[in-house]
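So the structure is just underneath, and the comments pick up after that.
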Amino acid sequence: MIQLENIQFGYVKSRPLFKELSLTMEPGHIYGLLGKNGAGKTTLLKIMSGLRFPDGGSATIMGENASLRKAEVLQNLYFLQEEMFVPHLRIDEFEKAYAPFYPNFSSEKFAEYLREFELDREFGYMDKLSHGQKKKVLIAFALATNTKVLIMDEPTNGLDIPSKSTFRKLMASAADESRLVIISTHQVRDLHSLIDMVAILDNGHMLLNASSFEITEKLLFDMDNMKSAEGKIFYTEESPRGNYQVKENVNHIDSTLDLELLFNAAISKKNEISNLFK
Amino acid sequence: MIMNTKNIANLLKAYFIENWKTDLFQFGILAAVVLFGSIINGSPTYLNFALFVSCVFLMIYPERLFRNLHSSSPKIHYLAIPASNSEKVVTNMILANIYYVVGLVISSALGLALAHLFWKVRGYDGVFLYTSFDDNWVLMIYATLSVFFFGSIYFRRRTTLSTIGVGLLISMVFSLLVSLTVWVNGITLIPKDAAFHDFAWTFSSRATLPDWITNTVGYLILSANIIYFYVLSFLRLKETEA
């Protein structure tokens, strides 16, 4: 559904952000796009959506060149920005203005999602709402568009604790086999239960692109060797409760994926982790 | 570059939902400016003033049409709206060339009518002139609008002022070049005593061959200018990144 091949890109020619970056994303998954500050997560999302053009390589979405920004492609793509823009409209006016662009938009679902976030269409002008409320309206709208591709840049930033849980609930209910959801985030603990594919961007390359199943097949998330004393340790993190470890899962023991530990392990042992998933 | 009329209709609908209040306010301001301009001016022959103010409103309008392109988040919002680049340009062409022009004509006519009424009450039976308008001026106005339209996509901020600035600079360079050519060679491409007349005059029996050539070439250049700047606008939008 989204295919990036040998993408090269840089805001400054002497400092390329992406060098020959390749990535394929398929429907039926919720991808977590992780990376350090300045790694280029938002830029990569923009390239996928045709909002930025690569200097080299190709970006295709639903079989079309993303840079062309064809209407048929945009009808099936919703990009939720981190820094949101909301026009001076009431929620119902916003729906009247923008819902017609999305053929599969569901007005009932929009109302339902707003209710879940304790909002309604008569809530007043969107630009007068708080940051979190604006985000909730746009998340509800994004989910109600029923687009095949949903791209969300830091969707939980600015959401209060109950809203984060509502967000996870709504995302789980909205995801299906035909839909591809890409979430770029630093708040990995918020989305830990949601993400089933992990893509880690580092130094212009995809360091890792694997399913959570594949990750827990190859890596063991352990504490103080409680599950196993075998396997090479890639990362250790001290805590008051003991030492968290990420190690090679030589005995195929079940463990729960911890995205934060995985990210730290991948960043600290780049080559070893990368080779493990080749 | 095939366009879907449904997408254009959706873009127009979104525009009107977002902007009808602002537009109504601006049309009201125009009517008031024309009315009070006439009263302050102290004369009922105020067509040129109404025309001038309407033109100022019209040339500023494209900056509003493309205001979303001038900052980061609104730009992403605008570029991600499900309509092609050509549909977005055509929609804004319809708004600038038809809708807003009609709105300006109606509101300035309203201002003129109220001014006329004012002068009538004051016992001055002036002539209500709104239809005596050279059609070649219409072409000039539309040609200028196409330049401002392009400027509003091309420049990142203060698009109207930037367009005026660059336009003046280019005009000065061209004027200098033409003056230099005439001075060096002692020739002019424009036939002697030729003037830019309206269509009816140009194609009437009164027009001489040099008049006809001058005016026809003038119309063609203006028409080509309009097409050129709208095509450039499309290409610029196509190349715009967020």
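Which peptide among A:183-189, A:142-148 comes first, and what is the full order, when sorted by highest mean count of other Cβ atoms within 10 Å? Working shown, then result.
Numbers: A:183-189: 19.0, A:142-148: 22.4.
Going by the mean number of other Cβ atoms within 10 Å, highest first, we get A:142-148, A:183-189.
Within chain A, the longest segment free of exposed loop sites, counting GluC sites (Glu not before Pro) that fall outside DSSP classes H, G, I, E and B and have at most 15 other Cβ atoms within 10 Å, spans A:1-82.
Using the Cα coordinates of region A:2-203, the gyration tensor eigenvalues translate into equivalent-ellipsoid semi-axes of 28, 18, 16 Å, sorted from longest to shortest.
For residue B:176 and residue B:221, what does the FRET efficiency come to when R0 = 25 Å and r is the distance between their Cβ atoms, rounded to the nearest 0.05? Walk me through the numbers on the way to the answer.
On the way: r = 19 Å, r/R0 = 0.77.
With R0 = 25 Å, the Cβ-Cβ based efficiency is 0.80.
Could you tell me which of rounded, prolate or oblate describes region A:86-224, using a ≥ b ≥ c as the square roots of the eigenvalues of the alpha-carbon gyration tensor, with rounded for a/c under 1.5 and, failing that, prolate when a/b is larger than b/c and oblate otherwise? If you can, show how the numbers build up before the last one.
Working: a/c = 2.24, a/b = 1.90, b/c = 1.18.
In terms of gyration-tensor shape, prolate.
Note on region B:57-130: Cα-only Rg and Dmax are 19.0, 58 Å. Long hydrophobic helices in chain B, taken as whole DSSP H segments with a C-alpha length of 20 Å or more on their own axis and mean Kyte-Doolittle hydropathy at least 1.0: B:47-65, B:100-121, B:135-154, B:159-185.
All other residues with a Cβ under 10 Å from the Cβ of residue A:237 taken together, and with Lys, Arg as +1 and Asp, Glu as -1, what is their net charge? Result for the local shell: -3. Using only side-chain charges placed at the Cβ, +1 for Lys and Arg and -1 for Asp and Glu, the dipole size of region A:211-276 relative to its Cα centre rounds to 160 debye. Extents of region B:5-241, taken as max minus min of Cα coordinates on every principal axis and listed largest first, are 58, 54, 31 Å. Just checking the listed ones, B:114, B:51, B:176: in the Gaussian network model of chain B with Cα springs under 10 Å, the one fluctuating most is B:176. A helix-only calculation puts the protein assembly as shown at -16500 deg cm²/dmol for mean residue ellipticity at 222 nm, using -39500 (n - 2.57) for each DSSP H run of at least four residues, averaged over all residues.
A simple count of charges around residue A:55, restricted to other residues whose Cβ falls under 11 Å of its Cβ and scoring Lys, Arg +1 and Asp, Glu -1, yields +3. In this simple spin-label model, placing a label point 7 Å from the Cα along the Cα-to-Cβ direction at both residue B:22 and residue B:238 gives a separation of 2.8 nm. Looking at chain B, which longest stretch skips every one of the trypsin sites (Lys or Arg not before Pro) that is in a DSSP loop with at most 15 other Cβ atoms within 10 Å, leaving the sites themselves out? In chain B, the maximal stretch lacking such sites is B:1-121. The H on the amide N of residue A:225, modeled in the peptide plane, is under 5 Å from the matching H of no residue at least 5 residues off or on a different chain.
In region A:211-276, how does Rg compare with the Kirkwood Rh, expressed as the Rg/Rh ratio over alpha carbon atoms? Walk me through the numbers on the way to the answer.
Details: Rg = 10.7 Å, Rh = 11.6 Å.
My calculation puts Rg/Rh at 0.92.
Here region B:5-241 is assigned +1 on the Cβ of each Lys and Arg and -1 on the Cβ of each Asp and Glu. Its dipole about the Cα centre then comes out at about 680 debye.
If you build the convex hull over the alpha carbons only and average its shadow over all orientations, what do you get for the protein assembly as shown? Give it in nm² to one decimal.
On the way: hull surface 132.6 nm².
For the protein assembly as shown, the mean projected area of the Cα convex hull comes to 33.2 nm².
A simple count of charges around residue A:216, restricted to other residues whose Cβ falls under 14 Å of its Cβ and scoring Lys, Arg +1 and Asp, Glu -1, yields -4.
Every number in this text was worked out from the coordinates using simple rules, so none of it is lab data. Given the structure is predicted, the values throughout are model-derived calculations rather than measurements. We place every Cβ from the backbone using ideal geometry, glycine too, and count neighbours over all the protein chains shown.
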